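One structure is given here, and the rest of the page talks about it.
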Amino acid sequence: MELTACTATANLVPDRKCSPDYENQGSIMGRITGLIGHLAEGYKEEDLTRFLARCHRSEVVAGVSDTAILGPGYGLSVRGEDHFRSPDGRYICLLDASLASAEVLAGHLGSQGFAASGGTRAEVFTDAFLRHGVSFLKHLKGSFAAAVFDTQEQSLFLAVDPYGLKRLYIADLPDGLVFSSDLTGLARSGWAPLTIGDHGVREYFSLGFISPPWTIYRDIMSLPVGEYLTWNGKETTRQTYHKVIGDGWQFRDVAGWSEQDLLDKLENLVVEAVASRLPADGTPIAAYLSGGQDTGLLNAVLRRRLGRQVTAFTLGCRNSRHDEVPRARRVAMSLGIDDHRCVYLEEDECFAALDELPDLYAQPMADISAIPNLVITRAVARDFTAVFAGDGPDGLYGNWDLRPWYYYYRLVPTWLRRPIAQAVDWTDRSLGLGLSSPTRCVSDLLQQEEFSWVLHKKFTGRRLSELLGRPIEATEFELGRYLRDRPDIPLYERLRMGFAKYFIMHGVLLKAGAVHDAMQVQQVCPYYDRELVDFVCTLPTRYKTRGRGYGKYLHTKLLERFAPSRVWRGRKQGFIFDIHDFDRRRMNDLVERYLAPDRIRETGVLNGESVRHLREEYLGGALERAPLVMTILGFELWRERFLD
């Protein structure tokens, strides 16, 4: 058996004015790719160079000039701390990671009882793996996708972080195995067949994204969060090293703890999580600032507890309904953030971003918020190679109390749901309440067959069955089975953790991660610190939600220590924008072209009559069908780019 492996970065970002060296994070954006078995036979340096350029659609691929052939069939890109080869040549380690520097990483692992040493992060990782197996993985601070190849035993070890901040895609083929932390690179390599898979289609059209272990491709899998895979030359084995949702449920014992004690503990954990991910003193720091609680607290800790200068980035929209700038400006002024950059969505840029999405994900993506994500990340990339992000608390605490929805479906009979939905929809339209949004139709939410469909963002129940031409039950999805099979978890916690794992970790982090990778910007997510996650998730429910159906109670109380509530309270807009604020003719042209009957028949995946009906409704002015139409459009844009 032979191995060819590489770390590579596509040159897809605008010219930077500066590229700070994030000491504690080491080199960034070193995506890893490897092939093992007969696939690798005969590969030389020039083959590897051509492969990287083809995969990433770039004339200049960073790191290729440093490629070294280390032995028959072995290729490795030498770049920063992204790789390590043991002195005896036996072990090769590749990392695509946002981890501490080697010294800090070794010290942290040592404090957790895992002795490890080395001059680079990859060497420390390899040493820890050889000494302790997989037990140290959940103690790593930061995100990672890792590969360790044993050239003597001809065995491979692959792992991803516990929360889905990094991904690994794997094709186990008859003549070898291919892996990459970049699905675009793997899909364009030519090594894995690009056949549409049934699981991926079902996931995409219902959720708007594809949850691991599936991808849109039948022969390419995505390694699930908190799992590792081993390959012994004949077969692969997947196992779990960290469960986001454990086998049993037990609340933290807070007897004798006052609310102030818990706030002090939470503050220490948040501050430590942020501080441990900071670059060296003097290095410029970028952070997102939406004006909401999560990025508000993050920026408050950076400025007021850690005393760092921050460049804050806020997404703005010309439509005041979706504009986050006014409240973000109040928060920035309150925290003393002088460099506050507001990035506004413009029509041409948004439609250009829509066209780029298939290349960024290499599979369909229907979450329209990927467009503003791409716009603001590209702005960050002009001056920074890393940005602090506020992802996490929505799932850790539960941003909304979903129990009323659950009981609605338990108590309201099916025949009554339609008239209730019609009444709510009429009230929403008449009074302009904004209950529906560009990504959510409240009328549809109120008339599902059962509760779990409420957590699906696109086609659900009867509509999904009609579109795909076969009956589909909610329990065909891992989320539906989880809600059914875990009555041992208290209801609020069961719904919260289902939302956290199956929507945020599988979907939101996938969406944001691919965008930041493509722009060569490391997304730093301190709220996904294991000690912080474990503390928050096991708090009694009363510290997560209290009154008015909104969550994040203790999180909110902590923010009040840094900024008065009048500064940041108000309706959070989120990365939501309505593409129909622009010239509708551009969207109509796309829909007429990509949802044309002949094209849908050619696909052979969707029910043509169902698509035709949606197309006619939308073009006739039914904008509430936009989320479903955009889902089909996303599929066809991807298919044209990768399969046609």
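The values are calculated or read from the model by the stated rules, or taken from the named source; none is laboratory data. As the structure is a computational prediction, the values presented were derived from the model and not from experiment. We place every Cβ from the backbone using ideal geometry, glycine too, and count neighbours over all the protein chains shown.
Could you please let me know if Pro393 is farther than 25 Å from Phe205 by Cα and crowded, with 19+ Cβ neighbours inside 10 Å? When the stated conditions are applied, Pro393 passes them. Suppose the filter is hydroxyl-bearing (Ser, Thr, Tyr), in contact with a helix residue (DSSP H, G or I) (Cβ under 8 Å, 6 or more places away or on another chain) and either free of Cβ contacts under 8 Å to residues at least 40 places away in the same chain or within 27 Å of Thr545 (Cβ to Cβ) (or both); does Ser334 pass it? In short, yes. For the condition under 23 Å from the mean Cα position of the chain (by Cα), modelled with pLDDT of 90 or more and farther than 23 Å from Leu35 by Cα, His139 qualifies. When Asp529, Asp488, Asp534, Asp517 are screened for being assigned by TED's automatic domain parsing to the domain that holds Leu269, in contact with a Phe, Trp or Tyr (Cβ under 9 Å, 6 or more places away or on another chain) and acidic (Asp, Glu), only Asp488 passes. Once the range 190-242 is narrowed to residues that are over 20 Å from Phe459 (Cβ atoms) and of a type in the set (Phe, Trp, Tyr), the residue that is modelled with the lowest pLDDT is Trp191.
Per the listing Ala128, Ala97, Ala147, the residue uniquely modelled with pLDDT of 90 or more, within 23 Å of the chain's Cα centre (by Cα) and crowded, with 24+ Cβ neighbours inside 10 Å is Ala147. Filtered by the rule that a residue be in contact with a Leu (Cβ under 9 Å, 6 or more places away or on another chain), of a type in the set (Phe, Trp, Tyr), under 24 Å from Gly551 (Cβ atoms) and touching a residue at least 24 places away in the same chain (Cβ under 8 Å), the range 448-500 gives Phe451, Phe477, Tyr492, Phe499.
For the range 501-510, indicate whether the set of residues that are over 21 Å from Glu272 (Cβ atoms) and of a type in the set (Phe, Trp, Tyr) is non-empty. Walk me through how you get there before you give the answer.
Narrowing the range 501-510 to residues over 21 Å from Glu272 (Cβ atoms): 501-510.
Next, only the ones that are of a type in the set (Phe, Trp, Tyr) stay: 502-503.
Yes: one or more hits.
Counting only strands (runs of 3 or more DSSP E) wholly contained in the range 114-182, the ones carrying 2 or more residues that are touching a Gly at 6+ places or on another chain (Cβ under 6 Å) and in the same structural domain as Ile32 (by TED's automatic domain parsing) occupy 176-180.
Kindly indicate whether Arg566 is surrounded by fewer than 16 Cβ atoms within 10 Å (Cβ to Cβ), basic (Lys, Arg), in a loop (DSSP other than H, G, I, E, B) and at pLDDT below 90. For Arg566, the condition - surrounded by fewer than 16 Cβ atoms within 10 Å (Cβ to Cβ), basic (Lys, Arg), in a loop (DSSP other than H, G, I, E, B) and at pLDDT below 90 - is not met. For the residues Asp161, Asp175, Asp182, the requirement of being modelled with pLDDT under 90 and within 23 Å of Ile210 (Cα to Cα) singles out Asp182.
Tell me which residues, restricted to the range 466-483, are crowded, with 19+ Cβ neighbours inside 10 Å and not in a helix (DSSP H, G or I). If the condition is that a residue be crowded, with 19+ Cβ neighbours inside 10 Å and not in a helix (DSSP H, G or I), then Ile472, Phe477 are the ones that fit. With the condition kept exactly as written, say whether any residue in the range 239-252 is assigned to a helix (DSSP H, G or I), among the basic types (Lys, Arg) and touching a residue at least 12 places away in the same chain (Cβ under 8 Å). No, the conditions are met nowhere in the range 239-252.
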